[in-house]
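A short worksheet on the structure shown next.
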Amino acid sequence: MLQNIFDLTTGLNKVSISYKDLDLTRRSIPIVRLPPKSYIYNLTVDIIRPFKGSPVPNNVPPDIEVGDVNSYSFVYRFKVGLSDDSDYYMTEIAPDTNGEYGSNSGDYFSSPVAEDVPVDIYLESNVIPRTWTFGGNANVACNWVSGAGTQTATVKMGGWQISTGLSDTEEYNGTSWTASNDLNTVRFNAAGAGTQTAGLSWSGNSTVTTEEYDGTCWATVNNALTGYIYISGFGLQTAAVYCSGASGATPKTHTEEYDGTSWTASNDLNTARYRASACGVQTAGLCFGGYASDFIYSTEEYDGSVWSFGSDTTILSNTAAAGTQTASLNFGSSTASEEYDGTTWITANGVNLGRNALGGSGSQSNGLSFCGNSAGSSALPSDSTTEEYSEVDPNSIAISGLMTLNFTVS
């Protein structure tokens, strides 16, 4: 890692960072110190050699460059302030469509003026040591499917096959899917919450019906207040949230809460949307992405009463989600994948098979992706593929790359 903070002087300054300066885990490294009563009015980043992660062969130390395969996600961005927890960020340098960082990529920003004390510029680097691998295929291929549970204990609910809605239920044990008793109501583009032994499925395809799952059978309970299509939801069987959706092609800001017995209205989302993704618990949830008249990138956080904006997502609608408000996973819509830490979305390793209108469950570090299709269209054949998102040994990852930071100080 970098041993010292470089002091900037008036005029153009250059600082080079090599792969040996970086760490595999998320951290902030002080890079340069801005003198008092001065400021940077632009900063560019020249990527001389893209930073990439690749598996290290047996008996090769982690600090040795190997291969040229971008197998693991490496993210870096810059922030300015008096401490490394500053929330003043430069725009993240984004990967191109090949998952690598292109030459001469970067951005500009104006820093806060340093008055009586120096201001430091930090490089925040992160390797996400998690990747997607294939699991056992579902027995019934479908899209517009929902799910709930963990990576090793998920219940898959309903779905759509070209021209037919489904009532199918399947359970995943971390290896394979097993058929269970059907839903009482055919439903697709619905929402799911809870666990494999205490699940909840509601609404979708304009129905208001709600069903509870005990690990064996489904029981119809009190209806939701409103039946929309392309809805989202999250939570537990006894504490769930119903958010977003559409009536025809009209997006909704709708929110309801379920207490294990009945549904009650809650405060609306700030942005009307449908085909959004959602995760979390009733008192700390997320709803993000989706579609209205165009794609929506905003993220909204729910505190059990009201919604407030978080950072924008970078993946389009028809994705799936897993995790909590401060540790969530968004995936699908091509092969994209990203993680949210409660503040920022970070590019993660993508799924192997790009699908839309897929199902998801689990946590940020142990997620599950299943079914969907290649374009999210109800007219296209569905898929039965399952993928698992899991940790890998960070010591098996090597980082290589080189970039130069160009600072103009006034």
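Of the residues 157, 403, the one with the fewest other Cβ atoms within 10 Å heads the list, and the complete ranking is 403, 157. Between the range 218-252 and the range 384-410, the C-alpha centres lie 37 angstrom from each other.
How big is D, in µm² s⁻¹, for the range 131-391 by Stokes-Einstein at 25 °C and 0.890 mPa s if Rh is the Kirkwood radius over C-alpha pairs? Once the numbers are plugged in, D ends up at 143 µm²/s. Between residue 117 and residue 181, the contour length at 0.36 nm per residue exceeds the Cα-Cα span by 16.4 nm. Quick one: net charge of residue 145's neighbours, Cβ under 13 Å, K/R +1, D/E -1? For residues surrounding residue 145, the net value is 0. Taking the Cβ of residue 157 as the center, what net charge do the other residues with Cβ under 9 Å away carry, scoring Lys and Arg +1 and Asp and Glu -1? So the environment of residue 157 carries a net charge of -1.
Bear in mind these aren't lab numbers, they're just calculated from the coordinates by the rules spelled out. Keep in mind it's a predicted model, so treat the numbers as computed, not measured. Note that each Cβ is placed from the backbone with ideal geometry, even for glycine, and that neighbours are counted across all protein chains shown.
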